[in-house]
């Protein structure tokens, strides 16, 4: 289930609970017959990438399906998507163990979809939340962060003070709607950043002549079709040399003859690609012209589908 972006908190009328929004990788953990399978939001198997979760079947002691966010905590205890990148990209036992040694992860659980063979998605949020808390999933590799009903502004202020992304507000009577974006869940951010779709790239200058200098990114909205993008600007800051090589290889395989953007300005030298790759970008704000101000690349999001990317702030 996905939350709708919102500029404002819902009313404090007792019908909303508020949780912290975590900057990480959304996962579903399926425990069945003592075995664990972890999948990303895009439905890809991510079990191998996060061996920290291997003890979940024993901790639960029953079959269950849990919804959560895998995060990499920085020195100050704040989730960092940049630190999570090597864990998301690691493939193969050796690479995964090396990445784990350099940066462990923690999963923040916030919902239950099934428990002991029963589908609990039709239950209201309050009942699912109560069940989640009874599971007592607390330890070095996973946590169940608190949720509070009412006083959304206090939750948003706490998120800002803690350096978190924002809050997710959920109707206390809402069922869990798998695969759907619902206004019963709303996300309000305190920092500017979101995923965007790559529609092309521009070569750099100097030592980067002929190589990737900046990504041309965009987003979908209600006025475009699934294969069109609204132009959001160029992103060059934050791309290191190793990532640049990987991005060049990835984008070369997606080359296209025409721009996928419906409103891009003239960009001499631009190389167009099929709008399939999703990246995470931090930025200062949106300009009046609808492009990013001071954007910085944070990483590739292979856990999200390009067609789902919309402007969130």
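Within segment 117-135, track down each residue that is at pLDDT 95 or above and closer than 21 Å to residue 58 by Cβ.
The first filter runs over segment 117-135 and keeps only residues at pLDDT 95 or above, leaving 118-135.
Within segment 117-135, 118, 131, 132, 133, 134, 135 qualify.
Among the residues making up segment 131-140, a single one is in contact with a strand residue (DSSP E or B) (Cβ under 6 Å, 6 or more places away or on another chain) and assigned to a loop (DSSP other than H, G, I, E, B): 137. Residue count for segment 291-313 satisfying the condition of being under 21 Å from residue 7 (Cβ atoms) and in contact with a strand residue (DSSP E or B) (Cβ under 7 Å, 6 or more places away or on another chain): 9. Please verify whether segment 182-195 includes one or more residues that are surrounded by fewer than 17 Cβ atoms within 10 Å (Cβ to Cβ), within 19 Å of the chain's Cα centre (by Cα) and part of a strand (DSSP E or B). Among the residues of segment 182-195, at least one is surrounded by fewer than 17 Cβ atoms within 10 Å (Cβ to Cβ), within 19 Å of the chain's Cα centre (by Cα) and part of a strand (DSSP E or B), which makes the answer yes.
Against the definition (modelled with pLDDT of 95 or more, closer than 28 Å to residue 104 by Cα and either part of a helix (DSSP H, G or I) or not assigned by TED's automatic domain parsing to the domain that holds residue 106 (or both)), how does residue 167 come out, yes or no? Yes: the conditions hold for residue 167.
The values are calculated or read from the model by the stated rules, or taken from the named source; none is laboratory data. Everything numeric in this text was worked out from a predicted model, so none of it was measured. Please note: Cβ atoms are built from the backbone with ideal geometry, for glycine as well, and neighbour counts cover all protein chains shown.
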